[in-house]
Amino acid sequence: MSERAAAPPDRTGQAVRRRMSPAAVAGWAAVAVAGGLGWSMLALARGEEISAAWMVAAALGTYAIAYRFYSRFIATRVLRVDKHRATPAERLDNGVDFHPTDRRVLFGHHFAAVAGAGPLVGPVLAAQMGYLPGTIWIIVGVIFAGAVQDMVTLFFSTRRNGRSLGQMARDEIGPFGGAAALVAVFAIMIILLAVLALVIVNALAHSPWGVFSIGMTIPIAFFMGFYLRILRPGRVTEVSVIGVLLLLLAIVAGGWVAESSWADTFTLSPGALVLWMVAYGFVASVLPVWMLLAPRDYLSTFMKVGTIVLLAIGVLVAMPTLKMPAVTDFAARGDGPVFAGSLFPFVFVTIACGALSGFHSLVASGTTPKMIQKETQVRMVGYGAMLTESFVAVMAMIAACIIDPGLFFAINSPSGMIGSTVEAASAAVADFGFTISPQELAAAAAAVEEESLLSRTGGAPTFALGMSEIFSAVVGGSAMKAFWYHFAIMFEALFILTTLDAGTRVGRFMLQDTLGNLYKPFRQVSWAPGVWFTSAVVVGAWGYFLWVGVHDPLGGINQLFPLFGIANQLLAAVALAVCTTLLVKSGRLKWAWVTGVPLAWDVAVTLTASWQKIFSGNPRVGFFTQRQVYQDGINAGQLIPPAKDMGEMRTIVTNSTVDGVLAALFAVLIIVVILDAGRVCYRAIRHPEQVRLHEAPFEQSRIVAPAGLFATAEEKAELAAAEAAARSAGSGPGSGAAEGPGDERPEPVGRRT
Amino acid sequence: MRRTARLRALAARARWFWREATGEAAYDRYVEHARRQAPGVAVLSRREFERRRTDAREADPREGFRCC
């Protein structure tokens with residue numbers, strides 16, 4: 001059935017266009033000027049340090065304009081969201097997973113689900129090209145690509161009873177594209193988990209403080225799980241308060257441990273940490289959810305949202321200055337130590353999640369569409385939450401750019417490039433064109449009570465350093481620096497470990513589902529051998545890449561992060577291809593550019609990056625050239641630095657081969673999905689009468705609820721009318737009490753009669 | 001007098017939002033829903049309900065998955 005037939009345009013009350021009042025015009029003009037001023041300061045500042053306030057102004061001003069105008073245009077003109085159409089939450093309400101949820105609550109849920117370590121890591125690495133290229137993409141990318149993808153996926157999934165991205169790909173594109181999408185999701189999951197784990201290993205290696213406090217999160221989570229299961233089921237608030245207090249205690253205690261005789265016990269090498277992580281990942285994913293995952297999830301969500309709010313306040317209060325140049329020489333030359341390759345395409349691939357994240361399409365087509373109250377709210381929840389995530393990425397960029405550039409490069413360059421002493425690092429950084437003395441390097445490490453900060457790649461330590469700089473400027477001064485540094489490390493490690501557990505489970509679930517085709521019992525989640533086997537496979541797969549990343553003489557982040565970015569952007573391409581196909585199939589060819597243009601851009605970026613990773617003749621960029629160089633070295637019996645022996649030479653050859661094959665696999669998958677989607681679109685344009693859409697039939701909505709954060713005058717009148725109608729109909733069933741006690745609700749949701 | 005009433009309303013609002021956001025309100029919502037659907041039938045105890053809710057994630061871990 002067709003969406004045009006289901007929802008005649010005259011029923012969408014949104015289509016009525018009104019002139020803006022002079023006051024509104026003046027207000028929006030002021031916002032535009034503020035944003036424009038921010039951009040001009042960012043772009044025109046040369047040689048002098050400017051305040052981070054300009055970056056905040058540019059970001060917030062642009063977001064406001066984009067949300068007000070572009071997202072509204074997409075909602076009303078392109079998607080034609082229909083406030084009269086009941087959402088799955090209303091139609092299939094079962095009080096548990098399907099239930100109409102207040103838009104502000106759902107915004108919080110959705111934001112907590114999409115925000116993660118990605119937007120904190122990517123921008124930090126991208127800062128090697130200066131703050132400007134990354135910031136432009138974070139802001140422009142989100143308004144035209146990332147937020148659009150999230151919102152449109154959420155809308156189409158809502159129209160399909162909350163079907164997942166994979167299912168939509170299968171239904172609407174075909175089994176071939178669907179299978180490619182499924183393989184893509186699995187491969188991406190593995191790389192994602194390996195890279196995130198690598199970030200944590202690099203942050204915790206040789207850091208007894210960090211290892212102790214992260215280790216303590218496990219008993220804390222066990223205690224919380226026990227509390228919620230046995231002592232007081234469902235009392236999330238009280239257990240979380242206890243949990244957060246224990247967590248803060250664990251951070252403080254980490255400082256004591258680091259200075260005690262226990263320090264050696266908790267000082268772990270990267271290799272040892274890998275084994276611990278793999279063991280943790282396996283055990284955590286086979287233990288019941290209530291023991292570890294569920295309580296960890298509460299803990300990490302509280303910490304995540306709390307810290308992000310604190311960071312926003314900190315940035316606004318401290319208003320630090322940006323020390324990194326606007327654009328560094330690495331942008332044009334493409335020989336930066338953090339990641340190799342030139343600005344296009346690698347800045348876009350590196351930033352990934354902060355601007356456009358394929359993974360969000362999994363959330364936008366999973367839990368959220370089953371809870372959304374009104375179709376009109378996809379704008380606030382989908383577009384709005386992604387803008388917020390982008391702001392998190394901007395804050396990460398600020399955190400990376402307020403620390404001394406010399407220190408930034410000393411932290412983020414692999415040890416193969418800068419050596420392992422402060423003297424060597426200082427000299428290497430001078431070669432990059434920045435200055436930092438060995439004494440300053442040692443002092444920076446001492447200030448946060450770490451042994452060394454050299455080659456702490458992966459972004460987390462840099463971010464933690466910037467954050468401790470910001471926080472200590474607001475609370476506690478330099479005496480608190482070490483505490484805030486480890487607070488930040490703990491905060492990132494906490495939710496990365498949660499992702500490791502949850503991601504392993506998702507990977508296992510997909511594997512079980514696939515193996516179930518060969519041998520039925522695999523599908524049963526209660527069949528222990530199946531669970532153990534598939535868990536071991538998934539953990540083994542990301543564990544392999546983690547191990548490789550830690551032992552790669554060329555530097556794991558350097559090698560693996562581009563793959564992670566490519567994989568993430570590939571998933572975004574799948575989501576945007578599904579969205580574009582659906583726009584075309586539902587007769588919105590005229591508007592297909594809304595997702596089609598970001599899709600084209602994303603495919604250009606991803607395929608260029610893949611092409612360079614596979615075929616580039618520069619051994620620092622192209623995996624196979626790299627392989628060739630080191631293989632020739634082995635054949636000639638010649639050592640090529642940074643390899644220190646023949647074993648390392650062979651490691652590089654193996655790693656480059658695996659990475660290159662993976663890059664090729666990703667490129668092939670993306671091409672398959674695009675071609676298949678193109679075929680379906682072509683058919684839909686040629687034979688519109690044969691189009692079959694899989695959307696749920698129209699049903700009249702009885703819920704009245706505002707679309708945006710604040711109810712408009714018109715919506716207030718509708719709410720009042722609905723409430724009056726409900727009152728006159730008596731306080732019987734359906735009187736709007738579906739989501740809790742009406743007198744406690746800010747704007748009670750009335751029901752139409 | 002009016003001030004305290006307004007403060008109380010604000011606190012109630014905040015509490016409502018918090019309970020909804022953390023999922024503490026899930027049980028109340030379920031009871032409400034169950035009573036409305038089938039008034040005579042006994043509802044699950046909170047313990048039992050929370051158990052099932054957590055264990056449901058075991059069956060399909062994609063529910064409630066968080067991003068990178």
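Structure summary
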{"read-out": "Sole residue being within 14 Å of chain B (Cβ to nearest Cβ), part of a loop (DSSP other than H, G, I, E, B) and either among the β-branched types (Val, Ile, Thr) or surrounded by fewer than 21 Cβ atoms within 10 Å (Cβ to Cβ) (or both), chosen from A:Val121, A:Val96, A:Val105", "value": "A:Val96"}
{"read-out": "Of the criteria (1) touching a helix residue (DSSP H, G or I) at 6+ places or on another chain (Cβ under 7 Å); (2) more than 28 Å from A:Ala722 (Cα to Cα), which one A:Phe69 fails", "value": "(1)"}
{"read-out": "Members of segment A:395-431 that are within 17 Å of A:Glu451 (Cβ to Cβ), hydrophobic (A, V, I, L, M, F, W, C) and under 28 Å from the mean Cα position of the chain (by Cα)", "value": "A:Leu407, A:Ala410, A:Ile411"}
{"read-out": "Residues satisfying the stated conditions in segment A:654-686, i.e. more than 17 Å from A:Gly177 (Cβ to Cβ) and crowded, with 19+ Cβ neighbours inside 10 Å", "value": "A:Asn655, A:Ser656, A:Asp659, A:Gly660, A:Leu662, A:Ala663"}
{"read-out": "Residue match in segment A:266-287 (condition: more than 14 Å from chain B (Cβ to nearest Cβ), hydrophobic (A, V, I, L, M, F, W, C) and assigned to a loop (DSSP other than H, G, I, E, B))", "value": "yes"}
{"read-out": "Matching helices (runs of 4 or more DSSP H) fully within segment A:434-542 where at least 2 residues are within 13 Å of chain B (Cβ to nearest Cβ) and in contact with a Phe, Trp or Tyr (Cβ under 7 Å, 6 or more places away or on another chain)", "value": "A:481-515"}
{"read-out": "Within segment A:213-223, considering residues that are crowded, with 24+ Cβ neighbours inside 10 Å and of a type in the set (A, V, I, L, M, F, W, C), the one farthest from the other protein chains (Cβ to nearest Cβ)", "value": "A:Ile214"}
{"read-out": "Residue within segment A:168-183 that is within 30 Å of A:Ala460 (Cβ to Cβ) and surrounded by fewer than 24 Cβ atoms within 10 Å (Cβ to Cβ) present", "value": "yes"}
{"read-out": "Single condition A:Ser361 does not satisfy, out of (1) within 24 Å of A:Ser616 (Cβ to Cβ); (2) under 19 Å from the mean Cα position of the chain (by Cα); (3) not hydrophobic (A, V, I, L, M, F, W, C)", "value": "(1)"}
{"read-out": "The one condition in (1) of a type outside the set (Asp, Glu); (2) without any contact (Cβ under 8 Å) to a residue 12 or more places away in the chain; (3) touching a Ser or Thr at 6+ places or on another chain (Cβ under 7 Å) that A:Ala573 fails to fulfil", "value": "(2)"}
{"read-out": "Any hit, segment A:344-367, residues being in contact with a Lys or Arg (Cβ under 9 Å, 6 or more places away or on another chain), away from every other protein chain (no Cβ under 13 Å) and on the phi < 0 side of the Ramachandran plot", "value": "no"}
{"read-out": "Those helices (runs of 4 or more DSSP H) lying entirely in segment A:378-424 with at least 2 residues buried (at least 23 other Cβ atoms within 10 Å of the Cβ)", "value": "A:385-401, A:405-412"}
{"read-out": "Complete set of residues in segment A:606-625 that are crowded, with 24+ Cβ neighbours inside 10 Å and within 22 Å of the chain's Cα centre (by Cα)", "value": "A:Thr606, A:Ala609, A:Ser610"}
{"read-out": "Identity of the residue in segment A:77-87, farther than 21 Å from A:Glu718 by Cα and surrounded by fewer than 22 Cβ atoms within 10 Å (Cβ to Cβ), that ends up nearest to the other protein chains (Cβ to nearest Cβ)", "value": "A:Val78"}
{"read-out": "Residues (free of Cβ contacts under 8 Å to residues at least 24 places away in the same chain and surrounded by 20 or more Cβ atoms within 10 Å (Cβ to Cβ)) located in segment A:234-269", "value": "A:Gly234"}
{"read-out": "Spans of helices (runs of 4 or more DSSP H) in segment A:147-209 with at least 1 residues more than 25 Å from A:Pro598 (Cβ to Cβ) and modelled with pLDDT of 90 or more", "value": "A:175-204"}
{"read-out": "Residue match in segment A:689-698 (condition: surrounded by 16 or more Cβ atoms within 10 Å (Cβ to Cβ), at pLDDT 95 or above and more than 32 Å from the chain's Cα centre (by Cα))", "value": "yes"}
{"read-out": "Residues that are buried (at least 18 other Cβ atoms within 10 Å of the Cβ), more than 30 Å from B:Arg52 (Cβ to Cβ) and of a type in the set (Gly, Ala, Ser), drawn from segment A:270-282", "value": "none"}
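Rundown of residues vs (1) modelled with pLDDT of 95 or more; (2) closer than 14 Å to A:Phe155 by Cβ, yes/no style:
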residue	(1), (2)
A:Ala59	yes, no
A:Thr62	yes, no
A:Ile65	yes, no
A:Phe69	yes, no
A:Val78	yes, yes
A:His84	yes, no
A:Pro88	yes, yes
A:Asn94	no, no
A:Asp97	no, no
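The values are calculated or read from the model by the stated rules, or taken from the named source; none is laboratory data. Values in this document were obtained by computation on a predicted structure and should not be read as measured data. Every residue, glycine as well, gets a Cβ built from its backbone with ideal geometry; the counts of neighbours run over all protein chains shown.
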